[in-house]
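What follows is one structure encoded as structure tokens, with my remarks underneath.
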Amino acid sequence: MKTTASLLALTSSLIVFSTGCARTQAAPPQAPPAAPARAEVQRTSAPTARTDQARPPAGPAVNSREIRVAVSSISDDIQQCYLAGTFKDSNLAGTVHVTFTIEPTGRVSSVTDAGSDMADQDVVACVVDLFAGLSFRPGGQNSTEVTYPITFHRRG
């Protein structure tokens, strides 16, 4: 009997898109002109920058090698998603296309199925959920959209 590892094959490629619009921070509003000083007029200070607004991280955006390394860290779990599907259909094969967005903070903000042809939707959902748990180092000023197709087929 062959081992599980020899029964499964997992191939993938990577497509990375960076959004084209740069994020800029608006200048804080200027204080209105001061009214003539009178005893009953209370002056207010100029508005200060809010400290809860995160500045874009310094450094370059995540590159394709870093994305491949992150995906390879969940490859065993991806294979388990596929293996679960093969218990229902021993000839299960197809491609799961996962599109996800990496924010400049390194957090994955959205993950969707981007037109997978895998017949078992439980396998697709399992793989998509795994991508939602990825995280990356902070970097770049724009969100990066990645489409990552993963092809499953039986070795034979």
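The values are calculated or read from the model by the stated rules, or taken from the named source; none is laboratory data. Remember, predicted model here, so these are calculated numbers, not experimental data. Cβ coordinates were reconstructed from backbone atoms using ideal geometry, including for glycine residues, and neighbour counts include every protein chain displayed.
Taking residues in the range 131-156 that are among the acidic types (Asp, Glu), and partners anywhere that are surrounded by fewer than 18 Cβ atoms within 10 Å (Cβ to Cβ) and outside any strand (DSSP E or B), the pairs with Cβ atoms closer than 8 Å and at least 6 places apart or on different chains are GLU145/THR19.
Among the residues of the range 78-86, none qualifies, meaning not one is surrounded by 16 or more Cβ atoms within 10 Å (Cβ to Cβ), touching a helix residue (DSSP H, G or I) at 6+ places or on another chain (Cβ under 6 Å) and not in a helix (DSSP H, G or I). The lone criterion from (1) surrounded by 17 or more Cβ atoms within 10 Å (Cβ to Cβ); (2) modelled with pLDDT of 95 or more left unmet by GLY139 is number (2). When ILE67, ILE102, ILE74 are screened for being modelled with pLDDT of 65 or more, aliphatic (A, V, I, L, M), closer than 17 Å to VAL128 by Cβ and surrounded by fewer than 17 Cβ atoms within 10 Å (Cβ to Cβ), only ILE74 passes.
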